[in-house]
Structures are given as structure tokens and as C-alpha cells.
Amino acid sequence: MKDIKNVDKVVFKNVYLDFLDRLIYLYINKRNYNVALRYISEKEKELNVNDVDSFNRLFLEYSYVYGEINQLDKAEAYLQKILSNNPNRETKSVALSNITKIYVDKKNVNKAKQYLNECISYSDTHESEVYNDYLLAKVCILEDRPKEALQLYEGIFVNEDINSMTLGMMNDYLKLLNSLKKYNKSLLLMN
């Protein structure tokens, strides 16, 4: 860290920003969110105020960290900043799905459905479609429609392998199976 403080931030701005990105990623993976927030804040000082895409990525980082430390209102505020900051289509889709997840976590069904409907119109990748199905399953559970949620989860895992994106989804699927007393299927999936 001492060496990076001696780097000329003007001449080596891209190197410095890349270094900060790596530190942010490292501390997020270590779940040391306070340190990650410090480096995100440092990165914010170095960004060009006219670089909309970089600021939107920064807002996603802030939102992710605040979501992880269960400060959902702050997480949502950064996502709303993205929506008002002329995001590209992909970033808008990510922001909308993350806001949907926040409202699912807050158990606000109406807002979750509102943002999910908007999000669906921006989803144009397989991963975003899978995540939207997952969010819809979560909404179905909140609305006490477990059979519909079960169908959505089954649809997801017919074609999806377990990976970093689907692991949390699988855990929620297993919880649903257990709550419906479908232990044989749950055991089969765990194996």
C-alpha cells in the first residue's frame, strides 16, 4: 500500500483505478465491507465526472456493499442514482433487478412486482432471464403461491448447472421444497 501512495495519480491514473478495483474486489470477497467502502470512496474521487458508465459501475459497487451489510435503503438509493444517470441497457437491467430484490427482501410485493415488470422489458440475456424467473419465484412465495414458485424453480434448474449465480437460487429452492415437505426431491437435489 505504501508503494501505491507514491504513484503519480495523474500520470498513472488508469493503473491507480485498476489497483483500486482489485482492492475493492478483494475486500468484497473477504467480506470486509468497511474497507471495501473506503476504497470505493477513494475511487469515486478519481473518476472523471463526465464518465457516466464509470459512475454507474461505482454506484453498483456502493449498492452491492450496502446490500451486503443490510443497509437496503442506501443500496436502493445508489440504484436509483443509476436509473437517473442515463445508464446503458445492461446496467439499467441490473439496477432494476437489484431494486426488485431489495423490495423482495423488504417483503414489499407491489414495489417488487412493479420493478420486476420493468426489468423484464430490459432483459436480453439468458442470465438476466434466469434471474428474473428467480425473482418472480420469490414474489410468488411472498404472495403465498408456493406451487407457482416451485414451477419456476424447476424451470430454472432443468437447464442450469450449479454455479456462482445459481447457488443462492438453489438454496432458496431447497428451502421451498423442505417447507412443502418434498424431502425426497430435496435430498436428490442436494446429492
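The values are calculated or read from the model by the stated rules, or taken from the named source; none is laboratory data. Note that the coordinates shown come from a computational prediction; the quantities given were computed from them, not determined experimentally. We place every Cβ from the backbone using ideal geometry, glycine too, and count neighbours over all the protein chains shown. Remember, those area values only see protein heavy atoms, side chains included, never the ligands or the DNA or RNA. Shrake-Rupley method; radii C 1.70, N 1.55, O 1.52, S 1.80 Å.
Structure summary
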{"item": "Angle in degrees between helix 146-159 and the longest Cα principal axis of the chain, rounded to the nearest 10", "result": "60"}
{"item": "The chain: most fluctuating residue of 93, 179, 41 per GNM, C-alpha cutoff 10 Å", "result": "179"}
{"item": "Trypsin sites (Lys or Arg not before Pro) restricted to the range 80-151 and DSSP loop, no more than 11 other C-beta within 10 Å", "result": "107"}
{"item": "Of every Cα-Cα pair in the chain, the percent that sits beyond 23 Å", "result": "51"}
{"item": "Computed helical MRE - 222 nm, the chain, DSSP H runs ≥ 4 contributing -39500 (n - 2.57), nearest 500", "result": "-24500 deg cm²/dmol"}
{"item": "Span from the the range 31-55 Cα centroid across to the the range 91-167 one, whole angstrom", "result": "28"}
{"item": "Summed residue charge, Cβ within 13 Å of residue 157's Cβ, Lys/Arg positive, Asp/Glu negative", "result": "-4"}
{"item": "Heavy atoms of residue 120 accessible to a 1.4 Å probe, total area in Å² rounded to 10", "result": "90"}
{"item": "Residue-normalised accessible area of the range 33-147, expressed per residue, 1.4 Å probe, Å²", "result": "52"}
{"item": "Accessible area of the chain belonging to carbon and sulfur atoms, whole % at 1.4 Å probe", "result": "49"}
{"item": "Estimated D of the range 78-146 in µm² per second, where Rh is the Kirkwood radius over Cα pairs and Stokes-Einstein applies at 4 °C, 1.567 mPa s", "result": "109"}
{"item": "Between helix 109-122 and the chain: long-axis angle, C-alpha atoms, 0 to 90°, nearest 10", "result": "70"}
{"item": "Nearest 10 degrees, 0 to 90: helix 52-68 Cα axis against the chain principal axis", "result": "60"}
